[in-house]
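What follows draws every value from the coordinates through simple rules; no lab data is involved. Keep in mind it's a predicted model, so treat the numbers as computed, not measured. Cβ coordinates were reconstructed from backbone atoms using ideal geometry, including for glycine residues, and neighbour counts include every protein chain displayed.
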Amino acid sequence: MQNLSLLLILVILSTAGFLFDEFFRGFKGLIVPLLVVIMLSMGVTLTLEDFRRIFKRPHIIIYGALLQFSVMPLTGFLLAKSFGLGPDLLVGVVLVGSAPGGTASNLITYISKGELSYSISMTTLSTLLAPLFTPLWTLVLAGKFVPVPFLGMALATLKIVVLPVLLGMGVRYILKDNVKKIEPALPYLAVLSISFIIAVIFALNKERLKDVSLLVLGVVLAHNLLGFLLGFLFGKFAGLDNRLAKTLSIEVGMQNSGLSTVLALKFFSQLSALPSALFSLSQNILGVLISFVFRRI
């Protein structure tokens with residue numbers, strides 16, 4: 001019943017964002033504050049022991065970050081080449097595949113009942129590694145060097161992910177057992193927030209979506225789904241339990257599409273930004289849908 005309610009929230013708000021795009025465009029400035037609220041609420045569910053447990057196995061954090069920077073760029077490149085996408089679209093697919101993990105992966109991990117401390121650790125590490133790997137893969141696979149703003153990304157991760165989580169953990173420490181009274185409402189807050197964000201993303205990209213071919217849409221969806229699938233399979237191959245494997249799946253399958261969109265527009269063309277815009281929609285919608293399956297694992 002809870003899964004059905006959460007899915008209904010997603011469908012209603014996503015559809016509203018597409019139908020009433022002018023209304024939802026006005027909420028563009030709420031995306032980051034909503035992410036901060038989400039991360040704070042997730043921090044309420046965490047303790048220091050959760051991070052101690054993960055940091056005792058630092059190799060799985062490194063493994064996850066490196067997996068993301070290999071699976072996603074290479075599968076994106078192979079798909080774009082296999083389906084004959086033009087140079088601009090190919091570089092766009094490679095660029096979004098070469099981006100670090102996005103904040104939304106932490107939210108999807110939470111509603112999937114994954115290992116949130118593992119997800120946050122991988123997102124942070126991949127963000128720190130992005131100034132090395134994003135330009136490297138774009139140069140190797142797309143033939144152009146793309147500088148990534150390290151300081152800006154590090155500060156954004158600190159403000160949107162790390163500090164809100166720490167604040168939420170502080171709230172949990174203060175409230176102690178009383179936190180159990182609000183925990184049942186947190187999944188609804190999380191899905192409501194991500195659904196609203198998806199509605200805004202739909203509204204902002206409505207005009208672009210009208211010009212999308214089925215081929216490009218298919219490539220982006222396949223890229224996204226392969227990220228989720230291979231992330232889970234490589235997790236099981238490495239001996240991770242289901243909770244960690246599904247967390248790795250989500251982290252690998254979800255990218256910082258906002259960063260890749262900005263880089264595409266700055267260094268390439270408007271057409272090359274299209275895969276990132278589509279991926280932003282795809283990863284959030286597929287992520288929420290996959291979470292309903294993962295919640296049962």
note = If 223, 59 are placed from fewest to most neighbouring beta carbons inside 10 Å, the sequence is 59, 223
remark   = In terms of the alpha carbon gyration tensor, root eigenvalues a ≥ b ≥ c, rounded if a/c is under 1.5 and otherwise prolate when a/b exceeds b/c or oblate, the range 1-81 is oblate
note = Here, chymotrypsin sites (Phe, Trp or Tyr not before Pro) of the range 91-181 satisfying both criteria (DSSP loop; at most 11 other Cβ within 10 Å) are 145
Gain in span if fully extended, residue 155 to residue 182, counting 0.36 nm per residue against the direct Cα distance = 6.7 nm
note = Length-normalised contact order of the range 105-263, Cα under 8 Å, at least 6 apart, in percent, tallies to 31 percent
key: For residue 255, residues with placed amide H under 5 Å, excluding near neighbours   = 102
ask   = Can you give the net charge of the other residues whose Cβ lies under 15 Å from the Cβ of residue 297, counting K and R as +1 and D and E as -1?
value = +4
ask   = Can you work out the FRET efficiency for the pair residue 295 and residue 237, with r the C-beta to C-beta distance and R0 = 22 Å, to the nearest 0.05?
value = 0.45
For 19, 151, order by how many other beta-carbon atoms lie within 10 Å, fewest first = 151, 19
note = Neighbours of residue 114 by Cβ distance under 13 Å: Lys/Arg at +1, Asp/Glu at -1, summed charge +1
ask   = Based on Cβ point charges of +1 for Lys and Arg and -1 for Asp and Glu, what charge dipole magnitude is obtained for the range 122-204 about its Cα centre, in debye rounded to the nearest 20?
value = 120 debye
key: Anchor residue 159: lysines whose Cα lies under 30 Å away (excluding residues fewer than 8 positions away in-chain)   = 28, 56, 113, 176, 180, 181, 206, 246, 266
query = Roughly how big is the chain's charge dipole about its Cα centre, with Cβ charges of +1 (Lys, Arg) and -1 (Asp, Glu), in debye to the nearest 20?
reply = 480 debye
message = Defining a contact as two alpha carbons under 8 Å apart and six or more residues distant in sequence, what relative contact order in percent does the chain show?
response = 33 percent
ask   = For the residues 293, 216, 91, what sequence is obtained by ranking on other C-beta atoms within 10 Å, fewest first?
value = 293, 216, 91
